[in-house]
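Have a look at the structure below before the remarks.
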Amino acid sequence: MIRDVVFAILLIVASVIGYIKVENLSFTSSFFPEMVCVVLTTLVFIDITLRIVKRIIKKQSIKKKNLFIDLFADKAGVAIILILLYIVILKDLGFIASSILFIGLLSLYIKKVSRVLDILKIFTFSFLVTLFFYFIFYHLFNIQLPRGIIS
Amino acid sequence: MEHIISIFESLLTFQNILFIIVGVAGGALISSLPGLTATMTLALIIPFTFSMNATTSLLLLGGLYVGAIYGSAIPAILINTPGNPSGIATTFDGYPLNKKGETEKALMASGVGSSTGGIIGAIALLFLAPLLASVALSFGPPQLFWITVFALTIIGTLTSQSQLRGFIGGAIGVLIGCVGIAPIGGDVRYTFGMWQLQGGIELVSALIGLFAIPQVLEMVKEEKIRIGKVVSYKHKKGVLKEVIKYALKRPYLMIRSALIGIIIGIKPGAGGNIAGIISYNEAVRWSKEPEKFGTGILDGVLAPDTATGSEVGGSLIPLLALGIPSAPPTAVLIGALLSHGMIPGPELFKKYSDIVYPFLFGFLIANIALFFLAIYLPRISSKLVNIPRYFLIPTIVFLCVVGSYSIRNSIFDVYIMVIIGLLGYLLKKFDITAAPLVLGLILGPIMEKALIQSMLLVKSGESIGEVFFGNAISIALVLLCILALIWPFISKKHSLIIEEK
C-alpha cells in the first residue's frame, strides 16, 4: 500500500511539473500536454483513493516494506546494474570489449559458475556472439558501432 | 489490370520471397522459445530491416509476425509452456495429445490451423483494409480525435488487470509522446535542454526498451537454467494427410474460429491469447462431445490456432487503414512504417499503394509458406527449447543495445531504450503493462494534432458541440468510447466463465 501511495505521489508530482513546464507556451503547444497532465492527475487520484477506501473497508493492515528493496533488490537488480554499466562503458570502452564483458558477466551471474572451464566457455560464447553481430552490422548494414579508446 | 501486374512485379522477386520465408521460419523459431513474445521478436529484428527497401522490410516483418504467432504453439504442445500468450489455449489439448504420444499430430494440427486461419485473415485484410481506409478518408480531425480516444479507452480496459491503471498507463504514454517539438504550435517541450529530444522520443528505441527489457528482467528472476527439457518425437508417415482430412471434415469449426480471430484482431487491445481462448470456448460450446476437450483432441488444437492465425490479419486492418495498432506487435510495425517515412492511416493506400498492396499479397504468401514450413519447423524448435537462459538473456539485451544504436548511430537512443525499458519494468510492478504505454506514445501525437485542429475550428467560430458532436460518425465513436468504458462491468460474468475454462 505504501508503495502505491508513493507511486501516486510521484505521478502527481510529475504531472504538476509537466503542467508548469508548458504553461507559458502558446495555446496550440500547451493545451494538449496540460490536458493530459490534468487527466493523469485525476486518474491517479481516483485510483489511490479507491485503493485506500478498499483497504479501510477490508480492514487490512498496511505492511511496511522498504520500497527500494521491494522493487529492485532481487535477481533483476544485479542485471539492471550490469545493463546500466554496459551502456555507460559502451562509448569509451568500445562495442566489442564492453559487449564481451557484459554478456560474459551477466551469463556468469545467471548461471552462478565458479569452475574455470565454465567461465572460459561463457566468455568464448560472448566473444563469438559479439563478433558475429559486429560483422553483421559493420559489414552487412554498414553501421559504425562505437570503437572506444581501444581502437 | 496494369496495377495488379505491377503489384506482383514488385512482390515476386527472389529477394522478397526469400525474406518472407526467412521471416516466417525465423519468427517461428525465435518465438518458440518461451518468454520471447512476438512483439519482442519484431522489436529485436526491426533494426536489421533499416537498410532494406520498404517493401522487403515489411514483407520480412509480416512473415516474422505470422511465424512468431504460430511459433508459440510449438512449446505449448511440447513442454506445456507457450512461447508467448497466443499459445495459451493450445496447451489445453496440445499437451495432452503430446502425453498420449500423438505429438506430431498435435504439431501438424497447429500448423494446419495457423496457416488456414492466416490465409482467411489475409484475405479479410486484403478486402477490408482498403475499404475501411476509403471510408476513413472522409474523416476530419474531430473524428480522428474520437478514434484515438476510443483506441486508448479500449486498450486501457483490456490490457491491464485494473482498468484505471490501464488508463494511467495510456496517459503516461501520451505524456511521453509530448516530448519534442509540438506538432502544430512548434514550441519545444520537455527536452530539458537535450537537443536529441527535439524530434521526440525515438519510437523504435522506446518500443525495443518497453517490450524487451521488462521481459528480460522477469526472465532473469526465474530459477530454471533451461527453459524446457530435451524433447524428441518420432516422425511418422501420413500424419499431415490425416490431419488435413480431419480439418476438412470440420469446416464450421475452422471458419468460426477464423472469424473469431479476425474480429478479435480488429478490436483494439485484444490479442491472440484472447482470440485463442474464445475460439476454444466456442469449440467446446458447439461440440457434440464437449467432455472430450482437455483430454487431447485435435479440435482443441485446431480451434485456437486457427483463431490466432487469423487474428494476425485482423490486427493489421486497423493498423493499415486507420493507423491504430490494435495489438502490441502491430505497434512495432508502426515503428517500421515510420522508419521508412510512411505514416500509417487512410492516406497509406493512396500514397504508398506500390508498397502496401505487395505487402498485403505477400502476407497471404507468408501464410501459405507457413503451411509447408510447419511440417519441418517443430523438429528444429524442439532443439531450441533447450538453449540455456544464461546464454539467451544477455544476448537479448545485447541485441537491444545494438538495435537501438543502429537506428541513428546514436548512443543517446541506447540510453533512451534502457531508461524507457526500466520505466516499463517499474510500471509493470504497478500493474501497468507496456501495451497502453506504447499505444499512448504512438497515438498521443495523432490525438494532439487532431484535437488542436478541431480546437482551431472552434476558435474560428464553430461551436464545440458542432465540431465534436455534429456528425453521425462522431456520435457513434463517442458512444463506442462510453461502451468501452462500461464494457468491463457488463462482461465481468462472461470473462469469469472464460477464465475458469
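Can you work out which of the residues in segment B:176-231 that are at positive phi and part of a loop (DSSP other than H, G, I, E, B) is modelled with the highest pLDDT?
B:Tyr190
Condition first: in a helix (DSSP H, G or I) and within 14 Å of chain A (Cβ to nearest Cβ). Can you find one or more residues in segment B:83-101 that meet it?
Looking through segment B:83-101, none of the residues is in a helix (DSSP H, G or I) and within 14 Å of chain A (Cβ to nearest Cβ).
Residues of segment B:264-305 being under 20 Å from B:Pro325 (Cβ atoms) and either of a type in the set (D, E, K, R) or touching a strand residue (DSSP E or B) at 6+ places or on another chain (Cβ under 7 Å) (or both), which ones?
B:Lys267
Run down B:Gly166, B:Gly200 and say which single residue is within 13 Å of chain A (Cβ to nearest Cβ) and under 30 Å from B:Ile411 (Cα atoms).
After applying the criteria, what remains is B:Gly200.
Starting from segment A:14-31, take each residue that is facing another protein chain (nearest Cβ under 7 Å) and list its partners that are polar (S, T, N, Q), counting only C-beta distances under 6 angstrom and pairs at least six apart or across chains.
That search, which allows pairs on different chains as well, returns A:Val22/A:Ser30.
Can you name every residue in segment B:341-372 that is of a type in the set (A, V, I, L, M), buried (at least 18 other Cβ atoms within 10 Å of the Cβ) and modelled with pLDDT under 90?
Within segment B:341-372, B:Met342, B:Leu348, B:Ile355, B:Val356 qualify.
Just checking, does segment B:96-104 include any residue being buried (at least 21 other Cβ atoms within 10 Å of the Cβ), in contact with a Gly (Cβ under 6 Å, 6 or more places away or on another chain) and closer than 30 Å to B:Val478 by Cβ?
Within segment B:96-104, none of the residues are buried (at least 21 other Cβ atoms within 10 Å of the Cβ), in contact with a Gly (Cβ under 6 Å, 6 or more places away or on another chain) and closer than 30 Å to B:Val478 by Cβ.
Output the residues belonging to segment B:77-91 that are surrounded by fewer than 24 Cβ atoms within 10 Å (Cβ to Cβ) and either among the hydroxyl-bearing types (Ser, Thr, Tyr) or over 18 Å from B:Arg379 (Cα atoms) (or both).
B:Thr81, B:Pro85, B:Ile88, B:Thr91
Filter segment B:1-36 for residues that are at pLDDT 80 or above and in a loop (DSSP other than H, G, I, E, B) and give the result.
Across segment B:1-36, the qualifying residue is only B:Thr13.
Looking at B:Ala38, B:Ala54, can you tell me which residue is over 28 Å from B:Lys383 (Cβ atoms), under 20 Å from the mean Cα position of the chain (by Cα) and away from chain A (no Cβ under 14 Å)?
Step by step, each of B:Ala38, B:Ala54 is checked, and only B:Ala54 is over 28 Å from B:Lys383 (Cβ atoms), under 20 Å from the mean Cα position of the chain (by Cα) and away from chain A (no Cβ under 14 Å).
What's the total number of residues in segment A:1-20 that are farther than 19 Å from B:Lys429 by Cα and buried (at least 16 other Cβ atoms within 10 Å of the Cβ)?
3
Suppose we filter B:Ala472, B:Ala484, B:Ala435 for residues that are under 18 Å from B:Lys267 (Cβ atoms), out of contact with any Phe, Trp or Tyr (no Cβ under 7 Å at 6 or more places or on another chain) and at pLDDT below 90; which single one remains?
Matching residue, one of B:Ala472, B:Ala484, B:Ala435: B:Ala435.
Of B:Tyr425, B:Tyr376, which residue is more than 7 Å from chain A (Cβ to nearest Cβ) and either in contact with a strand residue (DSSP E or B) (Cβ under 9 Å, 6 or more places away or on another chain) or at pLDDT below 85 (or both)?
After ruling out the rest, the residue left standing is B:Tyr376.
Quick check on segment B:105-124. Is at least one of its residues touching a helix residue (DSSP H, G or I) at 6+ places or on another chain (Cβ under 9 Å) and not in a helix (DSSP H, G or I)?
Looking through segment B:105-124, none of the residues is touching a helix residue (DSSP H, G or I) at 6+ places or on another chain (Cβ under 9 Å) and not in a helix (DSSP H, G or I).
Answer yes or no as to whether B:Ser326 is without any contact (Cβ under 8 Å) to a residue 24 or more places away in the chain and among the hydroxyl-bearing types (Ser, Thr, Tyr).
Taking the combined requirement at face value, the residue does not satisfy it.
Looking only at residues that are loosely packed, with under 12 Cβ neighbours inside 10 Å and free of Cβ contacts under 8 Å to residues at least 40 places away in the same chain in segment A:125-151, which one is farthest from B:Ser406 (Cα to Cα)?
A:Phe132
Please return the ranges of helices (runs of 4 or more DSSP H) entirely within segment B:330-449 where 2 or more residues are closer than 24 Å to B:Val66 by Cβ.
Counting at least 2 such residues, we get B:348-351, B:353-384, B:389-408.
Name the single residue, out of those in segment A:32-49 being over 25 Å from B:Gly186 (Cβ atoms) and facing another protein chain (nearest Cβ under 7 Å), that is nearest to the chain's Cα centre (by Cα).
A:Val44
For B:Glu448, which of the numbered conditions (1) within 10 Å of chain A (Cβ to nearest Cβ); (2) among the charged types (D, E, K, R); (3) within 15 Å of B:Ser205 (Cα to Cα) fails to hold?
Checking B:Glu448 against (1) within 10 Å of chain A (Cβ to nearest Cβ); (2) among the charged types (D, E, K, R); (3) within 15 Å of B:Ser205 (Cα to Cα), the one that fails is (3).
Restricting to segment B:131-142, count the residues that are assigned to a helix (DSSP H, G or I) and crowded, with 20+ Cβ neighbours inside 10 Å.
Selection size over segment B:131-142: 3.
Would you say B:Ile420 is more than 7 Å from every other protein chain (Cβ to nearest Cβ) and under 18 Å from B:Leu175 (Cβ atoms)?
Taking the combined requirement at face value, the residue satisfies it.
Report every pair of residues separated by at least 6 positions or lying on different chains whose Cβ atoms are under 9 Å apart, first residue within segment A:84-104 and surrounded by 17 or more Cβ atoms within 10 Å (Cβ to Cβ), second of a type in the set (Lys, Arg).
From residues that are surrounded by 17 or more Cβ atoms within 10 Å (Cβ to Cβ), the pairs are A:Gly94/A:Arg147; A:Phe95/A:Arg147; A:Ile96/A:Arg147; A:Ser98/A:Lys91.
All but one of (1) over 24 Å from B:Ile442 (Cα atoms); (2) at pLDDT below 90; (3) within 11 Å of the chain's Cα centre (by Cα) hold for B:Val332; state the number of the condition that does not hold.
Among (1) over 24 Å from B:Ile442 (Cα atoms); (2) at pLDDT below 90; (3) within 11 Å of the chain's Cα centre (by Cα), B:Val332 violates only (1).
B:Pro47 fails exactly one of the following numbered conditions: (1) within 14 Å of another protein chain (Cβ to nearest Cβ); (2) surrounded by fewer than 23 Cβ atoms within 10 Å (Cβ to Cβ); (3) at pLDDT 80 or above. What is the number of that condition?
(2)
The values are calculated or read from the model by the stated rules, or taken from the named source; none is laboratory data. From a predicted model like this one, the values you see are computed outputs, not experimental measurements. Virtual Cβ from ideal backbone geometry, glycine too; neighbours counted across all protein chains shown.
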